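Written below as structure tokens is the structure these notes are about.
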Amino acid sequence: MDFSGPDAIDKAIEIGLDLDGSPIPMEMLNLYQEVMDKEGARKRTGVKKSMRNRIVRTGAKHFDQEILNQRLIDAGWEGLKPKEIEFFFE
């Protein structure tokens, strides 16, 4: 199975295999499913806020701090918050 692209992790979890082909223990899969079920039932606060959160989490892996900060601002969001900088870049 091809484990590339944005949904690679979801595909792997669905079939119960880690990306190296080793099985994921059932206890881990059960806990993951329980937490995801709870998350799925949680009331959302807004699409743009969720979009920004995803951009920061994922963007920090692909852009340096200055570029990600400027890209957020250019797109109309506030720049990186001090706690985000501390968590993702320090």
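Can you say whether LEU80 is surrounded by 14 or more Cβ atoms within 10 Å (Cβ to Cβ) and part of a helix (DSSP H, G or I), as far as the supplied structure shows?
Details: surrounded by 14 or more Cβ atoms within 10 Å (Cβ to Cβ): yes; part of a helix (DSSP H, G or I): no.
When the stated conditions are applied, LEU80 does not pass them.
Residue by residue, here is whether (1) touching a residue at least 60 places away in the same chain (Cβ under 8 Å); (2) surrounded by 12 or more Cβ atoms within 10 Å (Cβ to Cβ); (3) in a helix (DSSP H, G or I) holds:
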site: SER4; (1), (2), (3): no, no, no
site: ALA12; (1), (2), (3): no, yes, yes
site: LEU29; (1), (2), (3): no, yes, yes
site: GLU34; (1), (2), (3): no, no, yes
site: ARG44; (1), (2), (3): no, no, no
site: MET51; (1), (2), (3): no, yes, yes
site: ALA60; (1), (2), (3): no, yes, yes
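Each reported figure results from applying straightforward, stated rules to the coordinates on display, with no laboratory input. Since the structure is predicted, the reported quantities are computational estimates derived from the model, not experimental observations. Every residue, glycine among them, receives a Cβ derived from its backbone with ideal geometry; neighbour counts consider all protein chains shown.
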